[in-house]
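J.: One structure, pasted below without further comment.
What follows is calculated from the coordinates using simple rules that are stated; it is not laboratory data. None of these values were measured; they are calculated from a predicted model. With ideal geometry, Cβ positions are generated from the backbone for all residues, glycine too; neighbour counts draw on all protein chains shown.
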Amino acid sequence: MKREDSIGRFIGMLHRYMRMCFEQEVYRFGIPDPWFHYLVRLRHEDGVSQEELAEFHHDDGATVARAVKTEGGALHRAGIGRQR
């Protein structure tokens with residue numbers, strides 16, 4: 001079997017293409033792709049804290065703060081993040 005015909009290679013190419021399409025769609029809303037997983041968690045568990053998001057996703061607290069911070073964070077600009 002030639003490398004070009006490998007199912008694994010095809011799946012890898014499909015995955016990269018799907019990620020590119022996904023990133024373009026999410027970016028239209030001003031949300032960088034790496035922060036999308038925060039949205040998913042907030043959608044399913046309203047009121048989760050920044051500390052809980054950081055722990056759940058194994059991220060640094062500062063990374064989460066940049067994503068959701070009041071006035072200027074990507075999630076705040078999208079009308080999703082709010083401070084409590």
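J.: In whole Å, what are the Cα extents of segment 3-77 along the three principal axes, biggest one first?
T.: Over segment 3-77, Cα extents along the principal axes are 48, 26, 22 Å.
J.: State, to one decimal in nm, how far the label point of residue 22 lies from the label point of residue 65, with both points 7 Å from Cα in the Cβ direction.
T.: Here the modelled spin labels are 2.9 nm apart.
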